[in-house]
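Inspection log for the structure reproduced underneath, given as structure tokens.
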Amino acid sequence: MTWVNLTSMAQLDEIKNASGFSLIFKHSTRCSISMMARKNFEMDWDIIPEDTKLYFLDLIAYREISNKIAEVFQVAHQSPQILLIKDGDCVLESSHSDISADEVAEVIAA
């Protein structure tokens with residue numbers, strides 16, 4: 001699997017309007033906890049269905065998009081943070097050590 005870099009508001013609109021599942025990983029390039037969460041997630045992400053789009057947001061470089069994500073999906077800003085989006089709604093939000101590819105796969109399979 002590979003990340004799609006989330007770098008524009010247009011992409012955020014695409015995620016909001018897409019059918020099926022998309023995942024957003026909000027990552028701080030200045031935070032060692034965020035780096036560890038990303039590494040752990042990537043070690044297990046092969047259990048997530050391949051048709052799930054995985055978006056990666058560098059929230060330092062794209063703070064405006066990060067703020068818009070919190071607004072659009074009605075979640076508190078966290079870093080690191082994952083949001084699993086299904087048909088435009090956030091169905092799973094996790095942050096820090098709670099970020100888990102296993103949990104994402106379980107929600108998708110349910």
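Please report the carbon-and-sulfur percent of the accessible area for the chain; probe 1.4 Å, protein heavy atoms only, DNA, RNA and ligands left out.
Carbon plus sulfur share of accessible area: 46 percent.
What is the extension gain from residue 3 to residue 64, computed as 0.36 nm multiplied by their sequence separation minus the C-alpha to C-alpha distance, in nm to one decimal?
Between residue 3 and residue 64, full extension yields an extra 20.0 nm.
Dipole of the chain (Lys/Arg Cβ +1, Asp/Glu Cβ -1, origin at the Cα centre): which of 6, 88, 62 lies farthest to the positive side?
My answer, from the dipole projection, is 62.
Taking the chain as a Gaussian network, Cα atoms linked when under 10 Å apart, which of 68, 16, 26 shows the biggest mean-square fluctuation?
Judging by the Gaussian network model, the answer is 68.
Over all alpha-carbon pairs in the chain, figure out the percentage whose distance exceeds 19 Å.
Numbers: 2155 of 5995 pairs.
The answer is 36 percent, as a whole percent.
What is the spin-label model distance, in nm, from residue 30 to residue 103 if the labels are put 7 Å beyond Cα along the C-beta direction?
Reported label-point gap for residue 30 and residue 103 is 2.6 nm.
With a 1.4 Å probe and all protein chains left in place, how much accessible area per residue does the chain have, in Å²?
Using a 1.4 Å probe on heavy atoms only, each residue of the chain averages 54 Å².
The values are calculated or read from the model by the stated rules, or taken from the named source; none is laboratory data. Here the structure is a predicted model, which means the values were calculated and not measured. Every residue, glycine among them, receives a Cβ derived from its backbone with ideal geometry; neighbour counts consider all protein chains shown. Areas reflect the complete protein model, heavy atoms only, side chains present, ligands, DNA and RNA absent. Shrake-Rupley method; radii C 1.70, N 1.55, O 1.52, S 1.80 Å.
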